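Take a look at the structure below.
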Amino acid sequence: MIRNIRIVSPSGIIDPSFIDSASARLRSWGFEVSEGLHARDTFGRFAGSDEARLADLTDALNDPSVDLVLCSRGGYGLQRIIDRVPAINKPILGFSDITALHQLSAISHQPSLHGVMCKHIATLPEDGEVLQTLRAALCGEPLDYTLPAHPLNRLGEASASVIGGNLSVLYGLQGTPYGLSGISCQMSVPPILLIEDICERHYHIDRMMQNLRLSGVLANLSGLIVGQFSDCEDDSSMPAQTIQQTIRDSVADYTYPILFDFPCGHVERNLPVWLHQPACLRVTPDKAQLTISTPLR
């Protein structure tokens, strides 16, 4: 059961007004909200020095009264401190650069929540799909999504936990203890990989997918969920002229189900997804369904 939410800023600078408004909204939902000492700091492009951001994360993880850690925003910064963050022992909420913390959570087999942060909690419509689904997830309800068919989907069914997040961050963690190569190989059941990204060139995405192929990650999956690739332009000079087709081609040698155009990533319709928690992906000719049990009791 989640009662107390601690807001920290482990990456980029956050507009303090978003912290204020997000805190007010979460309190209106019945949660207690606390805030890291350095959550509003500014240190160049970072929300505080490496030491300050690490201190807030460490304090939130060590505080037994804190039930969930809400990262105020992404940006960049976690790779500078991820090797000093304690083992994750409670859910982390965030996406983008927060993918690094989700990977650390995977090592500890700790469920974490890929979803919106302070800006969208503060500004999206109260009665809209994203916030209503987030509120339900925080209150312990399972997640159940049904999506229309996509021409690039691959049919099938997989029961496994979901892992992943931002493709660029995952790529940057390859070759480290937090990379997909090591983590996925240690899982008893191959995971379902979730990927999304923003402002990446078509050939950059191809390079990252080829890295995952060459390192064996793509061969060791139960399924693939392709989220939104925002502000990523298709390049007609590439062998596959769309980014989605490039991703599809990179997994052509495998047989697991693939779901394209899942509503998550750097978009307003960024639906929450529990990571490292039992899930079922079913892709049929007329629809796709993703069901994830809740880790909250």
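Annotations for the structure displayed:
- Residues of region 181-207 classified as out of contact with any strand residue (DSSP E or B) (no Cβ under 8 Å at 6 or more places or on another chain) and closer than 16 Å to D249 by Cα, total: 5
- Among residues of region 25-51, those that are without any contact (Cβ under 8 Å) to a residue 12 or more places away in the chain and not charged (D, E, K, R), counted: 5
- Checking each residue in region 3-56 for being surrounded by fewer than 19 Cβ atoms within 10 Å (Cβ to Cβ), part of a loop (DSSP other than H, G, I, E, B) and among the aliphatic types (A, V, I, L, M) picks out only L37.
- If the condition is being polar (S, T, N, Q) and either outside the structural domain of R154 (by TED's automatic domain parsing) or farther than 19 Å from I198 by Cβ (or both), then region 231-244 contributes S236, S237, Q241.
- Test: residue in region 182-198 that is surrounded by fewer than 22 Cβ atoms within 10 Å (Cβ to Cβ), at positive phi and over 15 Å from the mean Cα position of the chain (by Cα): no
- Only one of the numbered conditions (1) surrounded by fewer than 21 Cβ atoms within 10 Å (Cβ to Cβ); (2) assigned to a loop (DSSP other than H, G, I, E, B); (3) of a type outside the set (S, T, N, Q) is not met by L221, and that is (1).
- Criterion applied to R213, R282 was being surrounded by fewer than 20 Cβ atoms within 10 Å (Cβ to Cβ), part of a strand (DSSP E or B), in the same structural domain as E157 (by TED's automatic domain parsing) and on the phi < 0 side of the Ramachandran plot, and the one residue passing it is R282.
- Candidate set from region 89-115 (those that are surrounded by fewer than 21 Cβ atoms within 10 Å (Cβ to Cβ) and in a loop (DSSP other than H, G, I, E, B)); member that is nearest to the chain's Cα centre (by Cα): Q110
- Filter result (touching a strand residue (DSSP E or B) at 6+ places or on another chain (Cβ under 9 Å) and in a loop (DSSP other than H, G, I, E, B)) within region 116-150: V116, M117, P142, A149, H150
- Out of G175, G179, one residue alone is under 16 Å from the mean Cα position of the chain (by Cα) and modelled with pLDDT of 95 or more. It is G179.
The values are calculated or read from the model by the stated rules, or taken from the named source; none is laboratory data. Remember, it's a predicted structure, so these values are computed and weren't measured experimentally. All Cβ positions, glycine included, derive from the backbone under ideal geometry; neighbour counts span all protein chains shown.
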